[in-house]
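Participant: Starting off with a structure, shown below.
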Amino acid sequence: MLVVDDLAAFTPPPGGSAVTVGAYDGVHIGHQRLIARLREVAGQRGLATAVVTFDKHPALVVRPQSAPKLLTDLGTRLDRLAEAGVDYTLVIPFDRERSIEPAEHFVRTVLVGKLDARVVAVGRDFHFGHNREGNVAFLERLGPSLGFEVIPVDLVDEADGGDGKVSSTRVRTALAEGDVIGAAALLGRPHCVRGVVAREIGGRVALDVPDEICLPAEGLYAGWFCGAGGRTPAAVRVGAGRVVEAKLVDGAAPTADEVAAVAFGAPLAGEGGEAVLAALRAVGE
């Protein structure tokens, strides 16, 4: 996947593209379903696939006092989009000027001007542009004159018979309740947070996680520690004040200032190694 953060130097993909737009926080199973549909259509029409996303969640600019915690940092989000098979991801700086940009200007200059969009696939409740004026109906009105077709996609959990809408908000709610198993089902993988190792003493690792990242409710979880030495099972404690500590079951201890991550598998009653392994096996290690 080619990541584009300099729009001025970027030229449209030869033959046009199939595009989707959004924050894509978490790249959950609803997002994955939309991207799969985008790739299917692009393959049928010989188009490149492209995601247009933003360097920060729009709410951090539009309503910072109530902006949600993020499920993924930008680097992790890009990793997930690459895993989903996207050809291009455009990372748009989102600032005050972008927040008041008319929706039509965004469509003309970015989707059409930079990506030569022939197909635009978005969730049915997608909104964009100043005052959220852009939506599916808006895109459908513009499409014929600008040369693209609009494909609305329902972001639903097919395991629920299509009745359960999947959203980043729903994932955050599950995490706030300590339901890391439910969150993993919505994400399609365990929730994972990345940070910097603050200290390591006797196999217990403290991780500094950025304030904007969403953590599960305070408690003890069976999970994994992922560092330079690979992935190892761990008891992960989330404490007051956004404390994140991982007690490694085995594996090499990390060093201070190392970038590492923890993933949450299941709630845990005790932090002994056997308890951790039993909990992970129960959720399908």
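Rule-based calculations on the coordinates, nothing more; no lab input. The shown structure was predicted, so the numbers you read here are calculated from the model rather than taken from an experiment. FYI the Cβ positions are ideal-geometry reconstructions off the backbone, even for glycines, and counts take in every protein chain you see.
Participant: With r as the distance between the Cβ atoms of E274 and S145 and R0 = 51 Å, compute the FRET efficiency 1/(1 + (r/R0)^6) and round to 0.05.
Facilitator: 0.20
Participant: Can you give the helix-only mean residue ellipticity at 222 nm for the chain, where every DSSP H stretch with n ≥ 4 adds -39500 (n - 2.57) and the sum goes over all residues, rounded to the nearest 500 deg cm²/dmol? Before the final figure, lay out each step's value.
Facilitator: On the way: 9 runs with 77 residues, N = 285.
Calculated mean residue ellipticity at 222 nm is -7500 deg cm²/dmol.
Participant: State to the nearest 20 debye the size of the charge dipole of the chain about its Cα centre, where the only charges are +1 on K and R beta carbons and -1 on D and E beta carbons.
Facilitator: For this selection, approximately 280 debye.
Participant: Under the Karplus relation 6.51 cos²θ - 1.76 cosθ + 1.60, θ = phi - 60°, what is the ordered set of whole-Hz ³J(HN,Hα) values for segment 188-199, x standing for Gly and Pro?
Facilitator: x, 5, x, 5, 10, 10, 10, x, 10, 5, 8, 6
Participant: Taking square-rooted eigenvalues a ≥ b ≥ c of the alpha carbon gyration tensor, is segment 55-109 rounded, prolate or oblate, where a/c under 1.5 means rounded and, failing that, a/b exceeding b/c means prolate?
Facilitator: On the way: a/c = 3.06, a/b = 1.21, b/c = 2.53.
Here segment 55-109 falls in the oblate category.
Participant: Along each of its three principal axes, how wide is the spread of alpha-carbon positions in segment 191-282, in whole angstrom units, largest first?
Facilitator: Extents along the principal axes: 31, 27, 20 Å.
Participant: Rounded, prolate or oblate, given the Cα gyration tensor of segment 1-108, with a/c below 1.5 counting as rounded?
Facilitator: Values: a/c = 1.93, a/b = 1.34, b/c = 1.44.
Since a/c reaches 1.5 but b/c is at least a/b, the shape of segment 1-108 is classed as oblate.
Participant: Given G227, S145, A278, which one lies farthest toward the positive end of the charge dipole of the chain, if we put +1 on the Cβ of every Lys and Arg and -1 on the Cβ of every Asp and Glu?
Facilitator: S145
Participant: Under a point-charge model restricted to the Cβ atoms of Lys and Arg (+1) and Asp and Glu (-1), what is the dipole moment magnitude of segment 191-282 relative to its Cα centre, in debye to the nearest 20?
Facilitator: On the way: 8 positive and 11 negative charges, 41 e Å.
With Lys and Arg at +1 and Asp and Glu at -1, about 200 debye.
Participant: Give the share of C-alpha pairs in each 10 angstrom bin for segment 49-198, from 0 to the last occupied bin, in whole percents, shortest bins first.
Facilitator: 9, 33, 39, 16, 2, 0
Participant: When the Karplus curve 6.51 cos²θ - 1.76 cosθ + 1.60 is applied with θ = phi - 60°, which whole-Hz ³J(HN,Hα) does each residue of segment 77-82 get, with x for Gly and Pro?
Facilitator: 4, 5, 4, 5, 5, 5
Participant: A further question on this structure: If we count every other residue with Cβ under 13 angstrom of S168's Cβ, Lys/Arg +1 and Asp/Glu -1, where does the sum land?
Facilitator: Result for the local shell: +4.
Participant: In a Gaussian network model over the chain where Cα atoms closer than 10 Å are linked, find which of P267, P144, P152 has the largest mean-square fluctuation.
Facilitator: Most flexible of the set in this elastic network: P144.
Participant: Of T255, P210, I29, whose Cα points farthest to the positive end of the dipole of the chain (charges on the beta-carbon: +1 Lys, Arg; -1 Asp, Glu; origin at the Cα centre)?
Facilitator: I29
Participant: Could you point to the residue in G75, I100, A48 farthest towards the positive end of segment 2-160's charge dipole, with +1 and -1 charges on the Cβ of Lys/Arg and Asp/Glu respectively?
Facilitator: Sorting the options by dipole projection puts first I100.
Participant: Tell me, what does the Kirkwood hydrodynamic radius of the chain come to in angstroms if you use every pair of distinct C-alpha atoms?
Facilitator: Numbers: mean 1/r = 0.0497 Å⁻¹.
Answer for the chain: a Kirkwood hydrodynamic radius of 20.1 Å.
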